[in-house]
Amino acid sequence: MIKKLSAALAGCTMFASALAATPALAEGEVNIYSYRQPELIQPLLDAFKAETGISANVIFLNKGLVERIATEGENSPADVILTVDIGRLQGAEDAGVTAPLESEAINANIPAQYRDPDNNWFGVTTRGRVVYASSERFAQDAITYEELADPKWKGKICTRDGQHAYNIGLFASMIAHHGAQETEAWLAGLKENLARKPNGNDRAQAKAIFAGECDLAIGNSYYVGLMQTNEKEPEQKEWAKAIKVLFPNSQDRGTHVNISGMALAKHAPNKENAVKLMEFLASPKAQEIYAEQVFEYPVAPGASASEIVKGFGEIKPDTLPLAKIAENRKLASELVDRVGYNNGPTN
Ligand code: FE
């Protein structure tokens, strides 16, 4: 991990100097701590540089981002945090490494449901937690999350670990809509419908449908785009072909979505540039560039998803504020344990 990080820093001399005693105060710079891979955000940063002249330095981390900023304290070179999932965004706020930002420009482009009520985090794009259904073996073209607990599908459903942040977000939304008791019963029903113990990542669930192990799975929408276009592992294109995307609850409250977002770092040494970058990232144009890179949905009114993403079908996002999901995550995690979700079906 340390080796990887110093290699990343070596490739970025200005940033490396920023990590020495004094933070980078040079004009024309901004430092991003990112859980998103640099190549995914580079097109955006190029567009930002072209528009403002400000160079963005990216430090990519795959874990410990918040802990790192906390340890760096007041000397942290971090200006902007980019990450995915409400759990991580709220986690950054809870750890005290973010600062609130009141920006009319941002608020105009990011609907309130995707923003922290205290303005510590902002969702720039969304991903649906959808149902992958066998295109050969599953006749229905619509579904609800509630239905996934119906005994008619015993042994037909595959999911990843119930404690994974993506599932916790969905389960937290169920608590927000139905309360804890009903959600616990639902989770117990879903568990009994599993074809096997929860296992693998979202793409592995599509693979399991391809392999005939299950007919239904829960997965994030963007993985369908990633599988469809995967030239490095073309077998994933076959997994994508084996499934159709169903957007749960399209007929009522809408499909649960989670966010990819940003936050201002508490001790941002280049705060002015950080705000410029965040306002840029919130702009409809930047949202569309980013959304296209990562197969997600821009949140700005009027901004549209890429052709590939539109190809999955129409999404109607649940309007539940992400802050409500953040509030219910802990309880969701407790319910997962209480029903023994990760033990798989009883028989
Ligand atoms: Fe993911």
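Under a model in which nothing but the beta-carbon of Lys, Arg (+1) and Asp, Glu (-1) is charged, the stretch 213-335 shows a dipole of about 460 debye around its Cα centre.
Under the 0.36 nm per residue contour assumption, what length would be gained going from the current alpha-carbon distance of Lys316 and Ala95 to full extension?
On the way: separation 221, 0.36 × 221 = 79.56 nm, distance 3.25 nm.
So the chain would gain 76.3 nm between Lys316 and Ala95.
Highest GNM mean-square fluctuation among His267, His177, His256, for the chain modelled with Cα contacts below 10 Å: His177. Largest GNM mean-square fluctuation across Thr83, Thr71, Thr159, computed for the chain with C-alpha springs under 10 Å, falls on Thr71.
Between Ser55 and Glu29, Val30, the built amide H atoms are under 5 Å apart, and every one of these is 5 or more places off in sequence or on another chain. About the centre of its Cα atoms, the chain shows a dipole size close to 900 debye [charges on the beta carbon of Lys, Arg (+1) and Asp, Glu (-1) only; nearest 20 debye].
Quick one: divide the alpha-carbon radius of gyration of the stretch 57-174 by 2.2 N^0.38 Å and tell me what you get. Numbers along the way, then the final one.
On the way: Rg = 18.8 Å, N = 118, 2.2 N^0.38 = 13.5 Å.
Normalised Cα radius of gyration, the stretch 57-174: 1.39.
The distance separating the Cα centre of the stretch 216-279 from that of the stretch 108-178 comes to 12 Å. Would you mind checking the tilt of helix 322-338 against the longest principal axis of the Cα atoms of the chain, expressed as 0 to 90 degrees and rounded to 10? Long axis of 322-338 versus the principal axis of the chain: about 50 degrees. For the residues Ser283, Ser134, a 1.4 Å probe over the protein chains yields an accessible-area ranking, largest first, of Ser283, Ser134.
Relative to the dominant Cα principal axis of the chain, helix 165-178 is inclined by about 70°. Projecting the Cα atoms of Gly313, Asn328, Gly302 onto the dipole axis of the stretch 252-336, where Lys and Arg carry +1 and Asp and Glu carry -1 at the beta carbon, places Asn328 farthest toward the positive end. Each principal axis of the Cα cloud of the chain was evaluated for its coordinate range; sorted largest first, these ranges are 63, 41, 40 Å.
Rounded to the nearest Hz, the phi-derived 3J(HN,Hα) couplings of the stretch 101-107 under the Karplus curve 6.51 cos²θ - 1.76 cosθ + 1.60 (θ = phi - 60°) are 9, 9, 9, 4, 4, 5, 4, where x marks glycine and proline.
Report the extension gain between Glu213 and Lys324 in nm, rounded to one decimal, defined as 0.36 nm multiplied by the number of residues separating them, less their alpha carbon distance.
Numbers: separation 111, 0.36 × 111 = 39.96 nm, distance 3.45 nm.
So the chain would gain 36.5 nm between Glu213 and Lys324.
Computed from label points 7 Å out along Cα-Cβ, the spacing between Ala70 and Ala50 is 4.0 nm.
Along the axis of the charge dipole computed for the stretch 68-179 (Cβ charges of +1 for Lys and Arg, -1 for Asp and Glu, origin at the Cα centre), the listed residues Gly91, Ile157, Thr126 are led at the positive end by Ile157. The solvent-accessible area of Asp46, taken with every protein chain present and a 1.4 Å probe, is close to 90 Å².
Please work out the Cα convex hull volume for the stretch 301-347 and give it in Å³ per residue. Mind dumping the intermediate values first?
Details: hull volume 7.0 nm³, N = 47.
Roughly 150 Å³ of hull volume per residue.
For the chain, the mean residue ellipticity at 222 nm estimated from helices alone is -12500 deg cm²/dmol, where every DSSP H run of n ≥ 4 contributes -39500 (n - 2.57) and the total is divided by all residues, rounded to the nearest 500.
Translational diffusion of the stretch 107-193, estimated by Stokes-Einstein from the Kirkwood radius over alpha carbon pairs at 10 °C in a medium of 1.306 mPa s, is 105 µm² per second. For the chain, the longest principal axis of the Cα atoms and the long axis of helix 284-294 meet at an angle of about 60 degrees.
Quick check: from the Cα gyration tensor, does the stretch 234-347 come out rounded (a/c under 1.5), prolate or oblate? Since a/c reaches 1.5 but b/c is at least a/b, the shape of the stretch 234-347 is classed as oblate.
The values are calculated or read from the model by the stated rules, or taken from the named source; none is laboratory data. Predicted model only: the values in this text are computed from it and were never measured. Cβ coordinates were reconstructed from backbone atoms using ideal geometry, including for glycine residues, and neighbour counts include every protein chain displayed. Calculation scope for accessible area: heavy atoms of the full protein, side chains included, ligands and nucleic acids excluded. Shrake-Rupley method; radii C 1.70, N 1.55, O 1.52, S 1.80 Å.
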